[in-house]
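Accompanying notes for the structure given below.
What follows is calculated from the coordinates using simple rules that are stated; it is not laboratory data. Just so we're clear, the structure is a prediction, and the values are computed from it rather than from any experiment. Every residue, glycine among them, receives a Cβ derived from its backbone with ideal geometry; neighbour counts consider all protein chains shown.
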Amino acid sequence: MSHASKQQLLDQANHYIVAQQWDEAVKVLYVGVKQFPEFYEAWLLFSRGLYEVGHIREAVQIVQHAEQLDPLQPDFLHIQQCMQRKALAEAEQRARQMLSHTANHPKACFTLASIALTQNQPDESTACLEPATKVHPANATLCHLLSTSYDKAGRFEHAIKEATRLVSLDNGPDPLWILINLLLKYGQYSALLARCDEAEKHLASNPQALSKLNVIRGQAYRILGKREQSIRCLQASINANANNADAWWALADFKNYHFSNDEKAKLGGLVNSNVPAHIRCPATFAYAKLSEAENRPAESFALYKQANALKNTAGFTPLAIQKECENRIHTYRRQSLASQAAIDHQQPVPIFIVGLPRSGSTLIEQMLASHTQIEGTIEQPTLPAIERQAERLAAKQYGCNLSDALHQLKSDDLASLGQAYLDNGRLFRTGERQFFTDKQPFNYRLVGLIHKILPQAKIIDVRRNPMDCGYSLYKQYFPHGVYFSYDLAHIADAFNAYEALMHHWDDVLPGKVLKVQYENLVAAPEDELTHILHYIGLPFEQSCLNFQHSGRAVHTASSEQVRQPINFDGIDRWKPVANELDDLKKRLNSLKMA
């Protein structure tokens with residue numbers, strides 16, 4: 001075979017590709033791969049051409065065929081051995097050698113992107129994969145890794161878009177699960193339900209997977225306020241797999257779901273069975289909730305205690321929360337808070353609702369989202385992702401941690417981070433209103449960062465009687481995170497650390513954060529709402545008091561409560577079991593000082 005002839009083929013194909021004449025490129029490459037059936041680069045270009053003209057399945061098949069012809073496969077096998085030995089530098093060197101031989105070699109790009117992710121550099125990973133997926137659009141492996149990289153980089157909309165493209169490349173169940181989990185994670189419920197319908201077609205012979213799918217459906221319908229559809233999905237989940245404890249907990253977490261005698265017997269049997277602890281834990285929480293609803297406080301508390309003991313919190317220590325809060329107090333001093341991004345009055349204004357979970361923040365969010373100028377979103381993952389981006393910026397630009405670089409960050413750096421928050425969070429809002437809420441409670445840790453990168457932002461700190469808040473945390477099963485909630489002493493320690501950090505923010509940023517007491521809001525909602533809206537810079541609207549009629553999606557465990565009129569049901573719930581809560585009461589600093 002003539003090297004010149006091969007090069008002529010590539011030159012002719014690339015001429016058409018540059019001109020976006022994909023049909024002509026495909027014709028040339030079709031002839032070329034017949035003439036040179038082992039010509040790896042031509043097969044790669046042929047796959048790209050087929051993808052661009054809409055022959056997706058054929059393009060994917062060509063990618064798989066081309067892999068069998070890769071002349072650099074021995075190099076990639078060496079890379080895999082390096083990765084197993086954690087010899088990342090050697091793997092990177094070999095990958096770059098592959099790129100010098102074949103530009104945008106898919107396995108070399110995959111290697112460099114994987115190494116970047118391993119080193120917590122998702123921006124570098126996406127920078128490597130974006131051009132690679134442009135020239136290899138039918139490569140499902142690169143597509144999947146790019147979606148993961150976008151997710152790690154906090155570019156949520158891009159992650160979903162790439163996962164959607166992955167499904168177009170491979171319509172099997174695994175890519176659908178990847179997309180479904182992203183849609184669930186980021187609150188895209190209409191698209192989620194449609195994809196669940198697609199996934200169900202693959203699960204007729206897999207009752208456990210079908211059960212899992214129906215829990216996801218049930219969660220989505222609940223958030224959308226479609227109670228009956230949610231309950232039907234959760235019941236279908238249990239019918240498919242009676243050991244799906246997540247479905248039992250989801251039913252119990254309605255707070256007012258009435259279990260039939262048959263359901264009570266099945267749930268009780270699961271609680272007392274020999275299934276693993278990670279199944280018995282949510283099942284026991286559900287049984288405790290059932291007992292509480294039937295007004296048996298002593299029995300329900302004993303069950304809650306049993307459920308909390310079953311939760312695996314290995315590796316968690318409350319000292320980690322205390323230490324983090326102390327580090328933030330040490331880092332965010334008046335001097336490091338002095339510089340800010342410039343205020344852009346053309347941008348939407350975030351309203352951060354912070355505090356501990358179960359503090360009443362969902363009620364405030366629902367009230368504010370009923371205002372004509374405020375859009376309610378979700379507990380956004382956006383700001384924590386921006387802090388990680390700021391950490392990477394500090395390391396790259398200043399060679400140090402963010403805590404050491406705070407005073408060095410220029411106004412443009414800060415503005416860029418603030419803009420990234422607004423851009424990456426666009427997925428969660430329509431953009432039609434001047435203000436929007438972000439109800440991620442643990443953003444209380446990031447008040448200093450908010451002040452620096454989003455100077456126009458409003459911050460509302462929601463407080464609830466710590467005994468009610470603590471007991472409510474203890475009764476709640478959290479599938480992920482909130483590991484301090486499974487021990488009363490740990491809850492008190494977390495509350496103390498949170499309170500100390502909020503006191504610090506009040507000290508170094510006086511007037512920045514508005515504190516709202518849940519009990520006061522319930523007792524005098526119009527007065528409190530008027531005060532909150534004045535802080536935001538908006539007039540009171542009567543619709544904020546009629547929040548229960550809002551049709552918006554509610555993304556938290558309080559979704560059912562905030563669809564009811566305001567009431568006192570959440571106040572003094574701890575008192576019937578006060579004797580059981582000594583570990584909480586004795587350790588709370590605010591009660592010691594009272």
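Remark: the stretch 521-527, residue by residue, has Karplus-estimated 3J(HN,Hα) of 5, 5, 6, 9, x, 5, 4 Hz, where x stands for each Gly or Pro and the curve is 6.51 cos²θ - 1.76 cosθ + 1.60 at θ = phi - 60°.
The trypsin sites (Lys or Arg not before Pro) found in the stretch 349-432 that occupy coil by DSSP, while having at most 12 further C-beta atoms within 10 Å, are Lys410. Its alpha carbons considered, the stretch 249-359 gives a radius of gyration followed by a Dmax of 22.0, 64 Å.
Each of Asp583 and Arg388 was given a label point 7 Å from its Cα along the Cα-to-Cβ line. The distance between the two points is 3.2 nm. Each label was represented as a point 7 Å from its Cα along the Cα-to-Cβ direction; for Ala293 and Ser273 these points are 2.0 nm apart. With R₀ fixed at 30 Å, the C-beta to C-beta distance from Asp11 to Asn171 puts the FRET efficiency at about 0.25.
Taking amide H as placed 1.01 Å from N in the peptide plane, the amide H of Asp438 sits under 5 Å from that of Ile351, Phe352, Ile353, each at least 5 places away or on another chain.
So if R0 is 51 Å, what FRET efficiency would Lys515 and Leu88 give, r being the distance between their Cβ atoms, rounded to the nearest 0.05?
With a Förster radius of 51 Å, E is 0.60.
Based on DSSP H segments of at least four residues, each scored -39500 (n - 2.57), the chain has a per-residue ellipticity at 222 nm of -19000 deg cm²/dmol. Roughly what percent of Cα-Cα pairs across the chain reach past 33 Å? Value for the chain: 54 percent of Cα pairs lie more than 33 Å apart.
Exposure proxy ranking for Phe495, Phe36, based on other Cβ atoms within 10 angstrom of each Cβ and starting from the fewest, stands as Phe36, Phe495. Counting other Cβ atoms within 10 Å as a rough exposure proxy, the listed residues His503, His136 run His503, His136 from fewest neighbours to most. Here the stretch 385-424 has an Rg and Dmax of 9.5, 26 Å, counting Cα atoms alone.
Compute the semi-axes of the equivalent ellipsoid of the stretch 333-450, taking the square root of 5 times each eigenvalue of the Cα gyration tensor, and list them largest first in whole Å.
On the way: eigenvalues 144, 51, 30 Å².
That gives 27, 16, 12 Å for the three semi-axes.
Reported value for the stretch 121-263: 113 Å³ per residue, from the convex hull of its C-alpha atoms.
For the stretch 243-312, the orientation-averaged shadow of the C-alpha convex hull comes to 4.1 nm² (one quarter of the hull surface). In plain terms, the chain from Asn567 to Thr317 could stretch by 86.4 nm, reckoned as 0.36 nm per residue minus the Cα-Cα distance.
With q set to 0.07, 0.14 Å⁻¹, the log10 of I(q)/I(0) for the stretch 337-592, from the Debye formula over equal scatterers at the Cα positions, is -0.25, -0.99.
Out of the trypsin sites (Lys or Arg not before Pro) in the stretch 47-148, which ones are loop residues according to DSSP with at most 10 other C-beta atoms within 10 Å? Intermediate values should be presented prior to the final figure.
Numbers: sites: Arg48, Arg57, Arg85, Lys86, Arg94, Arg96, Lys107, Lys134; in loops: Arg85, Lys86.
Listed in order of number, the matching sites are Arg85, Lys86.
For the stretch 375-380, putting each phi into the Karplus relation 6.51 cos²θ - 1.76 cosθ + 1.60 with θ = phi - 60° gives couplings of 9, x, 10, 9, 6, 5 Hz, in residue order, rounded to whole numbers and with x for Gly and Pro.
Projecting the alpha carbon convex hull of the stretch 488-554 along each direction and taking the average yields 6.6 nm². Between amide H atoms placed 1.01 Å from N, distances below 5 Å from Asp461 occur with Val354, Leu514, Lys515, Val516, all of them 5 or more places distant or on a separate chain. Using θ = phi - 60° in the Karplus curve 6.51 cos²θ - 1.76 cosθ + 1.60, the 3J(HN,Hα) couplings for the stretch 447-452 round to 4, x, 5, 4, 4, 7 Hz; x is entered for Gly and Pro. Please work out the C-alpha center-to-center distance from the stretch 93-119 to the stretch 25-48 and express it in whole Å. Value for the Cα centre distance between the two parts: 23 Å. Placing dummy labels 7 Å off each Cα toward the beta-carbon, the span from Gln397 to Asn546 is 4.8 nm.
Both radii are taken from the alpha-carbon atoms of the stretch 3-67; with Rh as the Kirkwood radius, Rg/Rh is 0.94.
An ellipsoid equivalent to the stretch 186-304, defined through the eigenvalues of its Cα gyration tensor, has semi-axes of 26, 17, 11 Å when rounded to whole angstrom and sorted largest first.
Normalised radius of gyration (Cα atoms, divided by 2.2 N^0.38 Å) for the stretch 1-117: 1.16.
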